[in-house]
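Okay, so here's the structure we're looking at.
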Amino acid sequence: MALMITDECINCGACEPECPNTAIYEGGVNWKWGEGNGLTEIEDGQGNIVDAQEDQEPVSEDFYFIVSGKCTECTGFHEEPQCAAVCPVDCCVEDPDHPENEEELLAKKESLHLI
C-alpha cells in the first residue's frame, strides 16, 4: 500500500530526503515521474505513455505530499518506510485508496528505477 501524508503535517521536510523513490514533494511544487530515477517515459496506469520529465500538478498546495504512483513503502530498499520513521508527528500513514501487496510494490520499484 502506498503511503500518504495527512493534513497534520507540520511541513518540517524531514521525510523528503529519506525517500529512495523521490516520491515526496513540498506542497505546491510540481513533480515529475522521472525525477531522481532517470526515466524518460512511463506508462501512466491507464495505458498511456507519458514523458517522465513533464511537470505534473502538485497533489497538495498546503503541505508535503507523496505521489502514490512512485511510493513503494521503501520496499526493496529498507525494512520500513523511511518517511514514517523520521516523521515527528506520525503523519506518514498507509493510503487506503492505494492498496498494494509486497509483490506489487517490488514491481513498481523495478519500473521506477533503471538501475
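Derivation of every value follows stated rules applied to the coordinates shown; laboratory data play no part. Everything numeric in this text was worked out from a predicted model, so none of it was measured. For neighbour counting, all protein chains shown are included, and Cβ atoms are generated from backbone atoms with ideal geometry for every residue, glycine included.
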Of all residues in segment 1-13, count the ones that are among the small types (Gly, Ala, Ser) and out of contact with any Phe, Trp or Tyr (no Cβ under 9 Å at 6 or more places or on another chain).
1
If we keep just the residues of segment 73-115 that are of a type in the set (S, T, N, Q) and more than 16 Å from Asp44 (Cα to Cα), which is surrounded by the fewest Cβ atoms within 10 Å (Cβ to Cβ)?
Asn101
Return the pair list, or none, for Cβ contacts closer than 7 Å from residues in segment 41-70 that are more than 15 Å from Thr6 (Cβ to Cβ) to residues that are loosely packed, with under 13 Cβ neighbours inside 10 Å and of a type in the set (A, V, I, L, M, F, W, C), at least 6 apart or on different chains.
Glu41/Ile49; Glu43/Ile49
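Among the residues of segment 38-72, write down those that are among the hydrophobic types (A, V, I, L, M, F, W, C) and either surrounded by 13 or more Cβ atoms within 10 Å (Cβ to Cβ) or part of a loop (DSSP other than H, G, I, E, B) (or both).
Within segment 38-72, Leu39, Ile42, Val50, Ala52, Val59, Phe63, Phe65, Ile66, Val67, Cys71 meet the criteria.
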Might you check whether a residue that is without any contact (Cβ under 8 Å) to a residue 24 or more places away in the chain, assigned to a loop (DSSP other than H, G, I, E, B) and in contact with an Asp or Glu (Cβ under 7 Å, 6 or more places away or on another chain) occurs anywhere in segment 16-32?
no
Would you check which residues across segment 1-51 are farther than 15 Å from Cys83 by Cα and β-branched (Val, Ile, Thr) and list them?
Val29, Thr40, Ile42, Ile49, Val50
When segment 61-84 is checked residue by residue, the ones that are more than 12 Å from the chain's Cα centre (by Cα) and over 22 Å from Glu104 (Cα atoms) are Glu61, Asp62, Phe63
